[in-house]
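Some notes on the structure that comes next.
The values are calculated or read from the model by the stated rules, or taken from the named source; none is laboratory data. The structure presented is a predicted model; accordingly, all values stated were derived computationally and were not measured. Virtual Cβ from ideal backbone geometry, glycine too; neighbours counted across all protein chains shown. These accessible areas exclude ligands, DNA and RNA; they are computed on the full protein's heavy atoms, side chains included. Shrake-Rupley method; radii C 1.70, N 1.55, O 1.52, S 1.80 Å.
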Amino acid sequence: MAQKSYCHRGGTVPLLGVTIPAHFQCIADRYPEREAVVSMPQNRRLTYGALAKQIDHLALGLLGMGFAKGDRIGVWSSNNLEWLLLQMATARIGAILVNINPAYRTRELSYALKRSEVQGLFLIPAFRGADYVAMLAELVPELKQDGGWKSGEFPHLGRVVVFDPANPPATARPHPGFTLWGEVLAAGEAVAPDKLIDATATLDIDDPINIQYTSGTTGFPKAVVLTHHNILNNAWFAAQAMHFTEADRLCVPVP
């Protein structure tokens with residue numbers, strides 16, 4: 001079997017050659033009791049051990065909902081723990097997380113959903129006066145119907161999940177076509193843990209894992225596709241440049 005080769009220039013330190021889930025598991029195994037993330041607005045804290053369990057719980061739920069490697073799952077949300085869990089859980093099964101700007105309105109949202117052929121969308125109800133549910137229902141009126149739905153405008157979109165960062169499992173269903181965060185987690189209960197292990201075993205470091213839309217002054221944003229390899233190494237070498245150790249904390253006060 002042919003193997004890929006890399007030409008590494010600009011330093012003597014080798015690039016990390018593992019996937020995001022593989023590297024994260026090594027850290028979680030080494031520091032299970034150390035805090036991994038603190039969400040001040042949500043008043044929630046997770047150790048690496050707890051974070052790993054919640055990632056796997058959500059990843060099983062995604063498998064239970066029918067998502068698989070290569071599928072595009074959008075997230076339209078402000079910063080919260082659920083956003084982090086989605087990025088790590090999609091990486092765990094090989095799905096591609098599509099970041100949708102919280103400032104988007106219906107025109108930009110429609111463009112991103114169509115351009116990336118998003119198959120599942122996770123969103124919060126609203127943010128800073130922007131009613132996400134209403135905007136999405138305007139684009140996909142089929143969500144208001146009882147029973148199963150299929151969008152003529154967005155043929156790839158098959159699942160829409162709404163969650164409230166203040167209390168994701170208890171979010172109210174705004175329309176019959178919306179799925180709730182708790183229902184995604186419940187779907188994982190019927191999936192054998194071995195299925196998750198098997199899904200992760202198929203991953204390659206060059207698999208696409210994230211799509212981000214660049215901002216521009218004119219025209220629509222352009223999609224940038226990122227892999228396990230470049231996301232992990234960008235983060236790793238940025239941390240090395242700041243001389244981070246396991247004892248340090250990074251404050252991220254972005255919008």
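Every residue in the stretch 139-152 that is touching a helix residue (DSSP H, G or I) at 6+ places or on another chain (Cβ under 8 Å) and surrounded by 14 or more Cβ atoms within 10 Å (Cβ to Cβ), please.
Residues satisfying the conditions are 139, 143, 149, 151.
Return only the number of the condition from (1) within 27 Å of residue 42 (Cβ to Cβ); (2) assigned to a loop (DSSP other than H, G, I, E, B); (3) open to solvent by 40 Å² or more (accessible area, probe 1.4 Å) that residue 155 does not satisfy.
For residue 155, the failing item is (1).
Scan 152, 182 and give me the residue that is small (Gly, Ala, Ser) and either within 20 Å of residue 104 (Cβ to Cβ) or modelled with pLDDT of 95 or more (or both).
Of the residues listed, the single one that is small (Gly, Ala, Ser) and either within 20 Å of residue 104 (Cβ to Cβ) or modelled with pLDDT of 95 or more (or both) is 182.
Please go through the stretch 171-199 and pick out each residue that is touching a Phe, Trp or Tyr at 6+ places or on another chain (Cβ under 9 Å) and in a helix (DSSP H, G or I).
181, 182, 184 - these are the residues of the stretch 171-199 that are touching a Phe, Trp or Tyr at 6+ places or on another chain (Cβ under 9 Å) and in a helix (DSSP H, G or I).
So how many residues does the stretch 166-183 have that are crowded, with 21+ Cβ neighbours inside 10 Å, out of contact with any Pro (no Cβ under 6 Å at 6 or more places or on another chain) and closer than 15 Å to residue 86 by Cβ?
1
Select from the stretch 134-152 the residues that are assigned to a helix (DSSP H, G or I), touching a Leu at 6+ places or on another chain (Cβ under 9 Å) and either over 20 Å from residue 67 (Cα atoms) or among the small types (Gly, Ala, Ser) (or both) and list them in ascending order.
Correct list: 135, 136, 137, 139.
Restricting to the stretch 216-255, and then to whatever is at pLDDT below 90 and hydroxyl-bearing (Ser, Thr, Tyr), can you tell me which residue is most open to solvent (accessible area, probe 1.4 Å)?
The extreme case among them is 217.
Restricting attention to the stretch 94-109, which residues are part of a helix (DSSP H, G or I) and without any contact (Cβ under 8 Å) to a residue 40 or more places away in the chain? Talk me through it step by step, then tell me what you get.
Taking the stretch 94-109 and keeping what is part of a helix (DSSP H, G or I), we get 106-109.
Matches in the stretch 94-109: 106, 107, 109.
Can you say whether residue 177 is in contact with a Lys or Arg (Cβ under 6 Å, 6 or more places away or on another chain) and either closer than 29 Å to residue 43 by Cβ or small (Gly, Ala, Ser) (or both), as far as the supplied structure shows?
Spelling it out, it is not the case that residue 177 is in contact with a Lys or Arg (Cβ under 6 Å, 6 or more places away or on another chain) and either closer than 29 Å to residue 43 by Cβ or small (Gly, Ala, Ser) (or both).
Conditions first: (1) farther than 30 Å from residue 247 by Cβ; (2) crowded, with 20+ Cβ neighbours inside 10 Å. Residue 55 passes all but one, so which condition is the exception?
(1)
Quick one: in the stretch 1-48, of everything that is surrounded by 15 or more Cβ atoms within 10 Å (Cβ to Cβ) and small (Gly, Ala, Ser), which residue is nearest to residue 164 (Cα to Cα)?
So the residue we want is 39.
Hey, any hits in the stretch 205-212 for a residue that's closer than 23 Å to residue 126 by Cα, part of a loop (DSSP other than H, G, I, E, B), open to solvent by 50 Å² or more (accessible area, probe 1.4 Å) and modelled with pLDDT under 95?
no
Each row is one residue, and each column tells you yes or no for (1) open to solvent by 10 Å² or more (accessible area, probe 1.4 Å); (2) in contact with a Cys (Cβ under 6 Å, 6 or more places away or on another chain); (3) closer than 19 Å to residue 67 by Cβ.
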{"site": "111", "(1), (2), (3)": "yes, no, no"}
{"site": "118", "(1), (2), (3)": "no, no, yes"}
{"site": "129", "(1), (2), (3)": "yes, no, no"}
{"site": "132", "(1), (2), (3)": "no, no, no"}
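In the list 137, 112, which residue meets the criterion of being more than 28 Å from residue 45 (Cβ to Cβ) and touching a Lys or Arg at 6+ places or on another chain (Cβ under 8 Å)?
137
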